[in-house]
Structure formats: C-alpha cells, structure tokens
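What follows is a short report on a single structure.
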Amino acid sequence: MSTVDLTAKIPNNVNLDQDKKLLRALEQWQPDYLQWWLDMGPKDFQQLDVYLRTAISVDAEGWANFDYVKMPDYRWGIFLADPVPGRTIGFGDNYGKPTWPVVPGEHRNTLRRLIVTQGDTEPASVEQQRMLGHTAPSIYDLRNLFQVNVEEGRHLWAMVYLLHSQFGRDGREEAEALLERRSGDPDKPRILGAFNAPVDNWLDFFMFTMFTDRDGKYQLLALAESGFDPLSRTTRFMLTEEAHHMFVGESGVERIVQRTAELMQQDKNEDVTRQGGIPLDLVQRYLNRWFALSLDLFGGEISSNAASFFADGLKGRYREDSYEEHQALDQHYRMTVPRDGAVVEEDVPLRNAMNEVLRDAYVEDCQRGVDRWNKHLERAGIAVRLRLPSKRFYRHIGLYADMPFDADGRLLERSEWDRRRGECLPTEKDRAYVATLQKAVRDPAQIANWIAKPARGIKGLPFEYQYVRLD
Ligand code: BYC
C-alpha cells in the first residue's frame, strides 16, 4: 500500500519529493490553479467552513476523512490507485503485452488528446455550477454541491499530473490551457458540448450529476482499462470519488419526484405548480435534454477514432474482463442507422462501434436510476412514469445529429418537430417557472418545498446538521 504524503504542499502518493523537476513544474501550476478556483469556483462561499471529505489514502476502506474545511484550503492532491503487479494490456492488437509505465512515443499525441479532453470537463463543470450556491434548497444540498466541486477540481489535478509527468513541454502548455478555456465562452469554449451548457438552477444540476457525471463514470471505466498504466491507475482512483457525484444527481431527482408525488396525493386535481412543486412533465423535459446532451459525449456511433483507441490498447470497453474475446476483430455490433428518411438496422464492425458499446452500457445504467424514481410514483398510485427518450432524440453528434427525431425515436418532418419541440424539451415557460423556485434555504432544519428531505445525512449525521457554517 502506497503512503499518502498529506503534509506536502501538493499531497500525493507518487513520491513527488523524489522528482524535483516535476515537483517544481506542478508547484508553478498550483498558484494558477488556485487563482482559477477563486475566479471560477463557487462564488461568494470561499471563506466558509464546509463539512467536506478529503482523500487521505487510496485503499478501498477509509480513504476519506470528513472535516470542516474552507474550500481554497482543500487538500487537492495527486492520488493513483496502487499498481497491479504484472498487469498486461487487456484488449486490442497489443493484448497480453505488458502495460506501458511511461507514455509510448507512437501513442503520445492520441493519449495527450484523450487526457486533455477528460481534463477539460473537470474545471468546466465547476464553472457551470459556480452560482448554484446562492440558491441551494438546503444546507445539506449546498454541502453536496461544494463536495462535488472540490472533487472535480481534484480530478483536474489528476489529469494535469499526467500531462506534466509524461508529456514534457506540450503537457505543461496543455495544463495551462485547461485553466484558460471557459465553459460557454464563445471565443474559448470547453471542448465537449454538454460542458458549455449553462447549469443555473438545481433541476439542471441534479440532471447534470445524474446523466453527465455518469458519462464520466463510463469514460473513466473505459480509460481505467488503458494499457497506459498511469492513466489506468489515476482513473481507477477518480472513480471512487465519482460515485458520490452520481448519488447527488440520482437522489436529487428522486427527492424531487418524491415531493411531487406527495403534492399530487395531497390534491389530485391540482396543478402542483400551485403548491410550489415541479410537475412531472417538466421533469421529463429536463431529463430528455440532459440525457441527449450526455449521449453526445460518447462521440459518434461509428468512429474510426474509437476503433484505433481500442486497437492500440488505449481505451477499452466497460468491464473488459467480462468479455471472452478481447480483439474485437471479425465481430459486429447491431445499431439503427438513418437511411433515406427512415431508420434501418445495420451491423457495424465492432471496433468501429466502441463508442456505441459504451453508450449502451451507460443507457442501461441510466435506466436503473429512472426505475428507482418511478417506484415513488408507483407507490403513490400515480399512473405517469418517467422514461428515457430514444437514443436518436435531440442529438448533435453522430449518426442522428440534427435530425428531427421525437422522444420515441420516430423521424418527424422538420415542421412537425418545430411545432412539437416544446412537448419534449424545456420551454421558456418551464425555465421561468424553475427560476421562481431557486431560493436559498439557509436554516439547516428546513428544505425548499419542491424537494423532499434525504433519508439520511452525510456520514451518519442528521439532515439538520450544520454542514456549511454560514456565519
Ligand atoms: N462535443 O469519432 P468521434 C466527465 C469530436 S465526462 C464536441 O465521433 P471520438 C465529467 C471528437 O473529439 C467524461 N466534440 O468521437 C462529467 C472528434 O474530434 P476530431 C469526459 C465532440 O473521437 C461531469 C470528432 O468529434 N471524458 O468526466 O471517439 C463532470 C469525431 O469524433 C463530441 C471523455 O470524454 C462532443 N460531445 O471521441 C465532470 C474521455 N464528441 O478528432 C467530469 C476522453 C466527439 O475530429 N474522450 N467530438 O477533432 C474520449 O474518449 C473521446 O474523445 C470521446 C469521443 C468520448 C469524446
């Protein structure tokens, strides 16, 4: 078990003190990172004590320490899962060969691009969520937001460590650029689509952490398979933190659905908006949007990039070890492809379909969450059910990009799509209504009317605990 040096200026379990050049480079980047955090991190909450968990070791049990911390003092550090002795590449043309402890020259550019793309999402999400602290529905939720934010900051560190330690000058330049792009900025946007969409209310936030963070889980799982061992080890540790982010999203939407169901039960004839709740059709429209935006993050259905990532042993499948065959040659993957105004089923060479294979595993995982939400409706005797729209709906990347598919996956005439768009995507009216609900609740015992309290608090503490000391 590697030991974590928590007292170092940059806490780490990679013996940074033994590589003075790398240490110096990272110590130079650190003040720029902190400046970025102060400029773009949670606005107006930097001086408050927040009950946060901090990684203190990388073993499965007890890696987290919970205590009050001011966010700028959070111990952002570099933690890699321990190496697996004798690990070999688990898939592709290099199957069975030893993994690479340093970046192989022939895959340098591709790996750098993958790491930069992954790294770019982390600060982007912090930027997107910057203003949400002002409208948190409870102190419990406020604390969860900040926990997610500081960990996304740490995930940026994880990628910057790889860039600095493995990619020399190019890596250092990329690390600087990660602090320069800005979510939603037309001149220097973040790389991937969903990370430029505003997240300015808590319904968007919960949908984002449910659906977009879950893309993170699947991308990290695919990178954890990588033959480039430092990438595998760093993503394996990131995944342990990621679970909480998806919990925040999944349980956040669940508590909204639960509250709406309660309000509907109290008065079956009423429109829940009259009681300050969020109607299920509105929840469904937000769900549709974030699910579609997040599906785009997996890239094109048919992708020669994905085929080479797999062939070269750089990016594997979700749980590669559950497959019997790891070359994926002479195999096909069935998918629907738009053709002459209709969709037809087609077999695509498996390596080219790797983005879709990963996306399908993701969709299955999302469905489990939606089923849980629906249990509340079932228990309340409400007939309506939430559901995932078709994978073809409202896509901007890949085979179905910018084609007018409805939520059932039927291709519409453009005019019909334009007319019916407001049935399946958030409307101006929806946004205006959601905006009226964005009011901070500052009494730790209270929660906004549109969301139920969680079943339990953090780390065995009650919901009412003062997770953020506001004074
Ligand atoms: N937006 O062959 P294609 C997370 C580009 S989330 C804009 O279809 P490929 C987190 C693509 O780069 C996980 N551009 O796809 C969550 C390519 O560009 P070039 C983030 C897009 O190459 C919440 C072109 O289109 N991690 O961690 O297989 C909070 C054709 O590409 C998009 C990763 O994504 C898009 N949606 O790329 C915090 C893992 N999709 O080459 C954090 C690293 C594709 O023509 N990235 N393009 O210039 C990858 O593995 C891959 O780059 C992709 C798919 C998954 C993005």
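The values are calculated or read from the model by the stated rules, or taken from the named source; none is laboratory data. Because the structure is predicted, anything quoted here is derived from the model rather than measured. In this analysis, Cβ positions are derived from the backbone assuming ideal geometry, glycine residues included, and neighbour counts consider all displayed protein chains. Please note that ligands, DNA and RNA were not included when accessible areas were found on the heavy atoms of the full protein model with its side chains. Shrake-Rupley method; radii C 1.70, N 1.55, O 1.52, S 1.80 Å.
Residues checked against (1) more than 16 Å from the ligand (Cβ to nearest atom); (2) open to solvent by 10 Å² or more (accessible area, probe 1.4 Å); (3) in contact (Cβ under 8 Å) with a residue 12 or more places away in the chain:
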{"site": "Val102", "(1), (2), (3)": "yes, yes, yes"}
{"site": "His107", "(1), (2), (3)": "no, yes, yes"}
{"site": "Ala124", "(1), (2), (3)": "no, no, yes"}
{"site": "Glu127", "(1), (2), (3)": "no, yes, yes"}
{"site": "Gly153", "(1), (2), (3)": "no, no, yes"}
{"site": "Trp157", "(1), (2), (3)": "no, no, yes"}
{"site": "Ser165", "(1), (2), (3)": "yes, yes, yes"}
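State whether the residues of segment 259-278 include one that is within 16 Å of Cys366 (Cβ to Cβ) and charged (D, E, K, R).
Among the residues of segment 259-278, not one is within 16 Å of Cys366 (Cβ to Cβ) and charged (D, E, K, R), which makes the answer no.
Kindly indicate whether Val199 is within 11 Å of the ligand (Cβ to nearest atom), farther than 30 Å from Tyr95 by Cβ and either among the β-branched types (Val, Ile, Thr) or touching a strand residue (DSSP E or B) at 6+ places or on another chain (Cβ under 6 Å) (or both).
yes
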> For segment 7-28, which residues satisfy the criterion of being open to solvent by less than 60 Å² (accessible area, probe 1.4 Å) and assigned to a loop (DSSP other than H, G, I, E, B)?
Replying inline: Ala8, Ile10, Pro11, Asn13, Val14
>> Restricting to segment 224-262, count the residues that are closer than 22 Å to Tyr140 by Cα, open to solvent by less than 10 Å² (accessible area, probe 1.4 Å) and at pLDDT 95 or above.
In response: 9
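Can you tell which of Ser303, Ser390 is in contact with a helix residue (DSSP H, G or I) (Cβ under 7 Å, 6 or more places away or on another chain), at pLDDT 95 or above and hydroxyl-bearing (Ser, Thr, Tyr)? Working first, answer last.
Working: Ser390 fails: in contact with a helix residue (DSSP H, G or I) (Cβ under 7 Å, 6 or more places away or on another chain).
Ser303 is the lone residue from the list that is in contact with a helix residue (DSSP H, G or I) (Cβ under 7 Å, 6 or more places away or on another chain), at pLDDT 95 or above and hydroxyl-bearing (Ser, Thr, Tyr).
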> Can you pull out the residues in segment 262-282 that are part of a loop (DSSP other than H, G, I, E, B) and touching a residue at least 24 places away in the same chain (Cβ under 8 Å)?
Replying inline: Gly276, Gly277, Ile278
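To keep it simple, each residue is scored yes or no on (1) open to solvent by less than 20 Å² (accessible area, probe 1.4 Å); (2) of a type outside the set (D, E, K, R).
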site	(1), (2)
Gly369	yes, yes
Trp373	yes, yes
Tyr400	yes, yes
Met403	no, yes
Asp408	no, no
Glu413	no, no
Arg420	no, no
